[in-house]
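Reviewing the structure listed below.
The values are calculated or read from the model by the stated rules, or taken from the named source; none is laboratory data. It should be emphasised that the depicted structure is a prediction, and the values quoted were computed from it without experimental measurement. We place every Cβ from the backbone using ideal geometry, glycine too, and count neighbours over all the protein chains shown.
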Amino acid sequence: MFSSGYISLGSIVAAITIPTAMCIRYNLLHVDIAGYHTMIFFCIGIALLVIYTHRANIGRLMSGNENRFAKLQIFVKQKPKV
C-alpha cells in the first residue's frame, strides 16, 4: 500500500494475510492459538467478504484504472520542484 498508493490493494492484502498467518503459526510453527478452529473460519469469511466488496476495485486494478492516494506513496522518488 505504501509503495503503490492503492488503498484497496492494502485492504485485500491485509484480509488475506491474517488467516494465512494464523494458519502458518498454528500448523507449521505449532503455536497454540486459543479458539483457532473458530477464529480461522471467521477470518476466512471476513477475508472473502473484503475481497467480494472490493471486486470493482480489483477490476480497476487489473485494467490499470484504479485511483491512487498519492500522499501514501512514501517510497516513491519525488520529482524535484522547480
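Of the helices (runs of 4 or more DSSP H) contained entirely in the chain, those carrying at least 3 residues that are in contact with a Pro (Cβ under 7 Å, 6 or more places away or on another chain) and modelled with pLDDT of 80 or more fall at 36-53.
Beta carbons closer than 9 Å, at least 6 apart along the sequence or on distinct chains, pair a first residue in region 24-50 that is within 20 Å of Ser11 (Cβ to Cβ) with a second that is of a type in the set (Phe, Trp, Tyr) and modelled with pLDDT of 95 or more for Ile40/Tyr26.
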